[in-house]
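Let me begin by presenting the structure, written as C-alpha coordinates, before commenting on it.
The values are calculated or read from the model by the stated rules, or taken from the named source; none is laboratory data. From a predicted model like this one, the values you see are computed outputs, not experimental measurements. Note: ideal-geometry Cβ built from the backbone for every residue, glycine included; neighbour counts use all protein chains shown.
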Amino acid sequence: MKIMVTGGAGFIGSHVVDRMVEKGHEVVVIDNLYSGKKKNLNPDAEFYRMDIRDSGVGELFEEKSFDAVMHLAAQVDVRKSVEDPFFDADINIIGGLNLLESCVRYNVGNFIFASSGGVMYGECGREKPTEKRFPSPLCPYGNSKLSFEFYLNYYGHQYGMRNISLRLGNVYGPRQDPRGEAGVIAIFSGAIVKGRGVKIFGDGEQLRDYVYVEDVAGAFERALERGEGVYNIATEKSRSVNELFDEIKKQAGKPECGADYMPERKGELKVSRLSCRKAEKELQWKPEKEFKEGMEKTVEYFKKRAGNKIRN
(Lines give C-alpha, C1' and ligand atoms only; values in the text may rest on other atoms or scores of the structure.)
Protein backbone atom coordinates (compact mmCIF):
# COMPACT_ATOMS: atom_id res chain seq x y z
CA MET A 1 0.00 0.00 0.00
CA LYS A 2 1.00 3.62 -0.47
CA ILE A 3 0.73 5.37 2.89
CA MET A 4 1.07 8.99 3.97
CA VAL A 5 2.40 9.38 7.52
CA THR A 6 2.05 12.88 8.93
CA GLY A 7 4.53 13.72 11.66
CA GLY A 8 6.74 10.91 10.40
CA ALA A 9 9.95 12.59 11.59
CA GLY A 10 8.63 12.77 15.14
CA PHE A 11 9.02 10.42 18.07
CA ILE A 12 6.02 8.12 17.54
CA GLY A 13 5.62 8.83 13.84
CA SER A 14 9.15 7.74 12.95
CA HIS A 15 8.62 4.38 14.64
CA VAL A 16 5.35 3.96 12.73
CA VAL A 17 7.18 4.74 9.48
CA ASP A 18 9.86 2.17 10.32
CA ARG A 19 7.19 -0.46 10.89
CA MET A 20 5.36 0.35 7.64
CA VAL A 21 8.59 0.27 5.61
CA GLU A 22 9.55 -3.02 7.26
CA LYS A 23 6.21 -4.46 6.17
CA GLY A 24 6.88 -3.51 2.56
CA HIS A 25 4.60 -0.49 2.21
CA GLU A 26 5.51 2.58 0.18
CA VAL A 27 5.65 5.44 2.68
CA VAL A 28 5.54 9.20 2.15
CA VAL A 29 6.28 11.37 5.19
CA ILE A 30 5.18 14.96 5.65
CA ASP A 31 6.56 16.85 8.63
CA ASN A 32 7.29 20.55 9.20
CA LEU A 33 10.22 19.62 11.48
CA TYR A 34 8.89 21.92 14.20
CA SER A 35 9.50 19.13 16.70
CA GLY A 36 10.40 16.28 14.34
CA LYS A 37 14.00 15.65 13.32
CA LYS A 38 15.60 14.66 10.03
CA LYS A 39 17.76 12.09 11.83
CA ASN A 40 14.57 10.19 12.74
CA LEU A 41 13.56 9.76 9.10
CA ASN A 42 13.67 6.31 7.56
CA PRO A 43 15.90 6.50 4.43
CA ASP A 44 13.47 4.27 2.53
CA ALA A 45 10.57 6.70 3.03
CA GLU A 46 9.99 9.71 0.78
CA PHE A 47 10.06 12.97 2.76
CA TYR A 48 8.35 16.31 2.20
CA ARG A 49 8.94 19.20 4.56
CA MET A 50 5.40 20.46 4.82
CA ASP A 51 2.87 21.62 7.40
CA ILE A 52 -0.47 19.79 7.49
CA ARG A 53 -2.18 23.19 7.18
CA ASP A 54 -0.41 23.99 3.88
CA SER A 55 -2.42 24.28 0.67
CA GLY A 56 0.22 22.12 -1.02
CA VAL A 57 -0.99 19.07 0.91
CA GLY A 58 -3.78 18.56 -1.62
CA GLU A 59 -1.32 18.64 -4.51
CA LEU A 60 0.67 15.87 -2.84
CA PHE A 61 -2.48 13.77 -2.49
CA GLU A 62 -3.22 14.28 -6.18
CA GLU A 63 0.29 13.29 -7.19
CA LYS A 64 0.75 10.23 -4.99
CA SER A 65 -2.68 8.53 -4.96
CA PHE A 66 -2.47 7.29 -1.37
CA ASP A 67 -4.28 4.21 -0.12
CA ALA A 68 -4.18 5.31 3.52
CA VAL A 69 -3.26 8.17 5.82
CA MET A 70 -1.72 7.71 9.26
CA HIS A 71 -2.09 11.04 10.99
CA LEU A 72 0.36 11.69 13.84
CA ALA A 73 1.32 15.34 13.29
CA ALA A 74 -0.01 17.38 16.21
CA GLN A 75 0.46 19.98 18.89
CA VAL A 76 0.91 17.60 21.84
CA ASP A 77 1.83 19.79 24.80
CA VAL A 78 -0.99 20.01 27.34
CA ARG A 79 0.46 23.12 28.96
CA LYS A 80 0.94 24.83 25.61
CA SER A 81 -2.70 24.14 24.82
CA VAL A 82 -3.73 25.82 28.08
CA GLU A 83 -1.57 28.84 27.31
CA ASP A 84 -2.65 29.14 23.66
CA PRO A 85 -5.79 27.14 22.78
CA PHE A 86 -6.07 28.92 19.41
CA PHE A 87 -2.68 27.55 18.33
CA ASP A 88 -3.61 24.09 19.56
CA ALA A 89 -6.92 24.08 17.66
CA ASP A 90 -5.37 25.47 14.49
CA ILE A 91 -3.00 22.51 14.21
CA ASN A 92 -5.05 19.71 15.72
CA ILE A 93 -8.43 20.58 14.18
CA ILE A 94 -7.91 22.83 11.15
CA GLY A 95 -4.79 20.97 10.04
CA GLY A 96 -6.60 17.66 10.38
CA LEU A 97 -9.56 18.92 8.35
CA ASN A 98 -7.17 19.89 5.57
CA LEU A 99 -6.11 16.25 5.40
CA LEU A 100 -9.68 14.93 5.49
CA GLU A 101 -10.79 17.21 2.68
CA SER A 102 -7.87 15.97 0.59
CA CYS A 103 -8.83 12.38 1.36
CA VAL A 104 -12.36 13.01 0.08
CA ARG A 105 -11.16 14.86 -3.01
CA TYR A 106 -8.64 12.18 -3.98
CA ASN A 107 -10.50 9.04 -2.82
CA VAL A 108 -8.35 7.90 0.11
CA GLY A 109 -10.38 5.22 1.84
CA ASN A 110 -8.43 4.64 5.08
CA PHE A 111 -7.58 7.15 7.81
CA ILE A 112 -5.85 6.18 11.07
CA PHE A 113 -5.56 8.91 13.68
CA ALA A 114 -3.28 9.17 16.71
CA SER A 115 -5.67 10.40 19.39
CA SER A 116 -5.00 10.66 23.12
CA GLY A 117 -6.14 8.19 25.73
CA GLY A 118 -4.05 9.89 28.39
CA VAL A 119 -6.32 12.95 28.57
CA MET A 120 -9.54 11.75 26.92
CA TYR A 121 -11.40 10.42 29.96
CA GLY A 122 -10.55 13.03 32.59
CA GLU A 123 -9.86 11.80 36.10
CA CYS A 124 -10.14 8.01 36.18
CA GLY A 125 -9.85 7.10 39.86
CA ARG A 126 -9.89 3.31 40.22
CA GLU A 127 -11.72 2.77 36.93
CA LYS A 128 -10.07 1.66 33.69
CA PRO A 129 -12.28 3.45 31.17
CA THR A 130 -13.41 1.59 28.08
CA GLU A 131 -14.11 3.30 24.78
CA LYS A 132 -17.80 3.41 25.77
CA ARG A 133 -17.17 5.90 28.57
CA PHE A 134 -18.20 9.40 27.56
CA PRO A 135 -15.05 11.48 27.00
CA SER A 136 -14.39 14.32 29.42
CA PRO A 137 -11.01 15.92 28.62
CA LEU A 138 -10.00 18.68 31.04
CA CYS A 139 -7.63 20.63 28.77
CA PRO A 140 -7.76 22.25 25.31
CA TYR A 141 -5.40 19.61 23.92
CA GLY A 142 -7.81 16.84 24.86
CA ASN A 143 -10.73 18.84 23.50
CA SER A 144 -9.01 19.33 20.14
CA LYS A 145 -8.24 15.61 19.87
CA LEU A 146 -11.84 14.71 20.72
CA SER A 147 -13.19 17.31 18.27
CA PHE A 148 -11.16 15.79 15.47
CA GLU A 149 -12.46 12.32 16.38
CA PHE A 150 -15.98 13.70 15.86
CA TYR A 151 -14.99 15.18 12.51
CA LEU A 152 -13.39 11.90 11.51
CA ASN A 153 -16.56 10.03 12.42
CA TYR A 154 -18.60 12.46 10.31
CA TYR A 155 -16.34 12.02 7.28
CA GLY A 156 -16.58 8.28 7.69
CA HIS A 157 -20.38 8.30 7.66
CA GLN A 158 -20.69 10.96 4.97
CA TYR A 159 -18.09 9.66 2.54
CA GLY A 160 -17.65 5.99 3.42
CA MET A 161 -14.10 6.51 4.67
CA ARG A 162 -12.88 3.73 6.96
CA ASN A 163 -11.52 5.48 10.02
CA ILE A 164 -9.79 4.48 13.25
CA SER A 165 -8.83 6.63 16.22
CA LEU A 166 -6.14 5.12 18.43
CA ARG A 167 -6.37 6.68 21.89
CA LEU A 168 -2.80 6.28 23.00
CA GLY A 169 -1.65 6.08 26.60
CA ASN A 170 1.54 7.83 27.68
CA VAL A 171 4.01 6.69 25.03
CA TYR A 172 7.72 6.36 25.85
CA GLY A 173 10.86 4.99 24.24
CA PRO A 174 13.87 5.89 22.08
CA ARG A 175 13.80 9.16 20.07
CA GLN A 176 11.53 11.02 22.47
CA ASP A 177 12.85 14.55 22.99
CA PRO A 178 13.94 15.22 26.60
CA ARG A 179 13.91 18.97 25.97
CA GLY A 180 10.16 19.09 25.43
CA GLU A 181 7.42 19.67 27.96
CA ALA A 182 5.73 16.34 27.28
CA GLY A 183 7.16 12.92 28.07
CA VAL A 184 8.30 12.62 31.67
CA ILE A 185 10.31 9.44 31.02
CA ALA A 186 12.37 11.18 28.33
CA ILE A 187 12.84 14.29 30.45
CA PHE A 188 13.98 12.29 33.47
CA SER A 189 16.18 9.96 31.41
CA GLY A 190 17.88 12.84 29.62
CA ALA A 191 18.76 14.48 32.93
CA ILE A 192 19.60 11.47 35.07
CA VAL A 193 22.04 9.81 32.63
CA LYS A 194 24.04 13.07 32.92
CA GLY A 195 23.92 12.90 36.71
CA ARG A 196 21.46 15.75 37.05
CA GLY A 197 18.47 16.07 39.34
CA VAL A 198 14.90 16.50 38.11
CA LYS A 199 11.79 18.50 38.94
CA ILE A 200 8.65 16.67 39.99
CA PHE A 201 5.44 18.68 39.89
CA GLY A 202 3.03 17.83 42.69
CA ASP A 203 3.69 14.94 45.06
CA GLY A 204 4.84 12.54 42.33
CA GLU A 205 2.00 10.12 42.97
CA GLN A 206 0.23 10.97 39.71
CA LEU A 207 -0.57 7.73 37.87
CA ARG A 208 -0.24 7.15 34.13
CA ASP A 209 -0.41 4.17 31.77
CA TYR A 210 2.96 4.08 29.97
CA VAL A 211 3.13 2.15 26.69
CA TYR A 212 6.31 1.44 24.72
CA VAL A 213 6.58 3.15 21.34
CA GLU A 214 7.24 -0.02 19.31
CA ASP A 215 4.04 -1.52 20.69
CA VAL A 216 2.22 1.61 19.52
CA ALA A 217 3.71 1.19 16.04
CA GLY A 218 2.35 -2.35 16.12
CA ALA A 219 -1.12 -0.98 16.85
CA PHE A 220 -0.94 1.18 13.73
CA GLU A 221 0.07 -1.88 11.75
CA ARG A 222 -2.93 -3.83 13.03
CA ALA A 223 -5.27 -0.87 12.45
CA LEU A 224 -4.26 -0.85 8.80
CA GLU A 225 -5.41 -4.46 8.50
CA ARG A 226 -8.63 -4.56 10.54
CA GLY A 227 -11.05 -2.73 12.78
CA GLU A 228 -12.93 0.56 12.69
CA GLY A 229 -13.84 3.19 15.27
CA VAL A 230 -12.10 4.08 18.52
CA TYR A 231 -9.53 1.96 20.40
CA ASN A 232 -7.55 2.50 23.58
CA ILE A 233 -3.87 1.59 23.19
CA ALA A 234 -1.99 1.15 26.47
CA THR A 235 -0.98 -1.55 28.97
CA GLU A 236 -3.77 -1.45 31.61
CA LYS A 237 -1.07 -0.88 34.25
CA SER A 238 -0.52 2.51 35.90
CA ARG A 239 2.69 3.76 37.47
CA SER A 240 3.52 6.85 39.49
CA VAL A 241 6.03 9.56 38.61
CA ASN A 242 7.98 8.63 41.75
CA GLU A 243 8.16 5.02 40.55
CA LEU A 244 9.50 6.18 37.18
CA PHE A 245 12.10 8.34 38.90
CA ASP A 246 13.37 5.42 40.98
CA GLU A 247 13.43 3.02 38.01
CA ILE A 248 15.34 5.43 35.76
CA LYS A 249 17.95 6.10 38.48
CA LYS A 250 18.38 2.34 38.85
CA GLN A 251 18.68 1.71 35.10
CA ALA A 252 21.08 4.64 34.65
CA GLY A 253 23.22 3.68 37.65
CA LYS A 254 22.72 7.14 39.18
CA PRO A 255 21.24 6.58 42.67
CA GLU A 256 22.58 9.93 43.85
CA CYS A 257 20.31 12.00 41.60
CA GLY A 258 17.68 13.91 43.53
CA ALA A 259 14.33 15.53 42.81
CA ASP A 260 12.92 18.96 43.61
CA TYR A 261 9.19 18.82 44.26
CA MET A 262 7.37 21.78 42.71
CA PRO A 263 3.75 23.01 42.81
CA GLU A 264 1.22 21.15 40.67
CA ARG A 265 0.66 22.32 37.10
CA LYS A 266 -2.71 23.39 35.74
CA GLY A 267 -4.46 21.01 33.37
CA GLU A 268 -2.73 17.84 34.57
CA LEU A 269 -4.62 14.77 35.77
CA LYS A 270 -4.06 12.87 38.99
CA VAL A 271 -4.93 9.46 37.57
CA SER A 272 -5.08 8.23 33.98
CA ARG A 273 -5.53 4.58 33.06
CA LEU A 274 -7.14 2.68 30.19
CA SER A 275 -8.88 -0.57 29.33
CA CYS A 276 -7.55 -2.12 26.12
CA ARG A 277 -9.79 -5.18 25.81
CA LYS A 278 -11.46 -3.87 22.65
CA ALA A 279 -8.11 -3.50 20.84
CA GLU A 280 -7.13 -7.00 21.92
CA LYS A 281 -10.39 -8.45 20.62
CA GLU A 282 -10.91 -6.50 17.38
CA LEU A 283 -7.40 -5.46 16.34
CA GLN A 284 -5.78 -8.58 17.82
CA TRP A 285 -3.28 -6.24 19.46
CA LYS A 286 -1.77 -6.23 22.92
CA PRO A 287 1.47 -4.75 24.27
CA GLU A 288 4.48 -7.04 24.09
CA LYS A 289 7.18 -5.03 25.86
CA GLU A 290 7.37 -5.41 29.63
CA PHE A 291 7.91 -2.14 31.49
CA LYS A 292 11.38 -2.91 32.82
CA GLU A 293 12.61 -4.05 29.42
CA GLY A 294 11.15 -0.97 27.76
CA MET A 295 12.76 1.26 30.37
CA GLU A 296 16.10 -0.51 29.92
CA LYS A 297 16.03 0.14 26.16
CA THR A 298 14.93 3.74 26.68
CA VAL A 299 17.61 4.60 29.23
CA GLU A 300 20.25 2.88 27.09
CA TYR A 301 19.21 5.11 24.19
CA PHE A 302 19.67 8.22 26.30
CA LYS A 303 23.05 6.98 27.55
CA LYS A 304 24.25 6.59 23.97
CA ARG A 305 22.78 9.96 23.06
CA ALA A 306 24.64 11.65 25.90
CA GLY A 307 27.86 9.81 25.04
CA ASN A 308 27.69 10.84 21.40
CA LYS A 309 27.26 14.50 22.36
CA ILE A 310 30.32 14.34 24.62
CA ARG A 311 32.45 12.72 21.87
CA ASN A 312 31.25 15.21 19.26
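Can you list the strands (runs of 3 or more DSSP E) found entirely within segment 205-312 that contain at least 1 residues being of a type in the set (Phe, Trp, Tyr), at pLDDT 90 or above and crowded, with 17+ Cβ neighbours inside 10 Å? Steps first, answer last, please.
Numbers: elements: 207-212, 229-233, 238-240, 259-262.
Because the criterion is at least 1 residues that are of a type in the set (Phe, Trp, Tyr), at pLDDT 90 or above and crowded, with 17+ Cβ neighbours inside 10 Å, the strands (runs of 3 or more DSSP E) in segment 205-312 that meet it are 207-212, 229-233.
Assess whether Gln158 counts as being more than 17 Å from Ser272 (Cβ to Cβ), within 21 Å of the chain's Cα centre (by Cα) and polar (S, T, N, Q). Before the answer, list the steps.
Numbers: more than 17 Å from Ser272 (Cβ to Cβ): yes; within 21 Å of the chain's Cα centre (by Cα): no; polar (S, T, N, Q): yes.
Answer is no for this residue.
Can you tell me which residues in segment 137-165 are surrounded by 15 or more Cβ atoms within 10 Å (Cβ to Cβ) and assigned to a loop (DSSP other than H, G, I, E, B)?
Pro137, Leu138, Cys139, Met161
Give the residue, chosen from Ala191, Ala219, Ala186, that is under 16 Å from Gly258 (Cα atoms) and either within 22 Å of the chain's Cα centre (by Cα) or of a type in the set (A, V, I, L, M, F, W, C) (or both).
On inspection, the qualifying residue turns out to be Ala191.
Which one of the conditions (1) on the phi < 0 side of the Ramachandran plot; (2) not assigned by TED's automatic domain parsing to the domain that holds His25 does Gly253 fail to meet, given that it meets all the rest?
Here Gly253 meets the rest and fails (1).
For segment 271-283, indicate whether the set of residues that are among the basic types (Lys, Arg), assigned by TED's automatic domain parsing to the domain that holds Leu138, touching a residue at least 60 places away in the same chain (Cβ under 8 Å) and under 30 Å from Lys23 (Cα atoms) is non-empty.
No, segment 271-283 has no match at all.
Just to be sure before I move on: is Val184 under 16 Å from Val271 (Cβ atoms), in contact (Cβ under 8 Å) with a residue 40 or more places away in the chain and of a type outside the set (Ser, Thr, Tyr) in the structure I sent?
Numbers: under 16 Å from Val271 (Cβ atoms): yes; in contact (Cβ under 8 Å) with a residue 40 or more places away in the chain: yes; of a type outside the set (Ser, Thr, Tyr): yes.
So Val184 fits the description; yes.
Give the number of residues within segment 107-117 that are outside any strand (DSSP E or B) and either over 20 Å from Ser55 (Cα atoms) or among the aromatic types (Phe, Trp, Tyr) (or both). Talk me through it step by step, then tell me what you get.
Narrowing segment 107-117 to residues outside any strand (DSSP E or B): 107-109, 117.
If we keep only those that are either over 20 Å from Ser55 (Cα atoms) or among the aromatic types (Phe, Trp, Tyr) (or both) as well, we get 109, 117.
Final tally of qualifying residues: 2.
Regarding segment 15-25, can at least one residue be identified that is out of contact with any Leu (no Cβ under 6 Å at 6 or more places or on another chain), crowded, with 16+ Cβ neighbours inside 10 Å, more than 21 Å from Asp215 (Cβ to Cβ) and not hydrophobic (A, V, I, L, M, F, W, C)?
To start, the set of residues in segment 15-25 that are out of contact with any Leu (no Cβ under 6 Å at 6 or more places or on another chain) comprises 15-25.
Still in the running and crowded, with 16+ Cβ neighbours inside 10 Å: 15-21, 25.
Next, only the ones that are more than 21 Å from Asp215 (Cβ to Cβ) stay: none.
So far as segment 15-25 goes, no, none of its residues is out of contact with any Leu (no Cβ under 6 Å at 6 or more places or on another chain), crowded, with 16+ Cβ neighbours inside 10 Å, more than 21 Å from Asp215 (Cβ to Cβ) and not hydrophobic (A, V, I, L, M, F, W, C).
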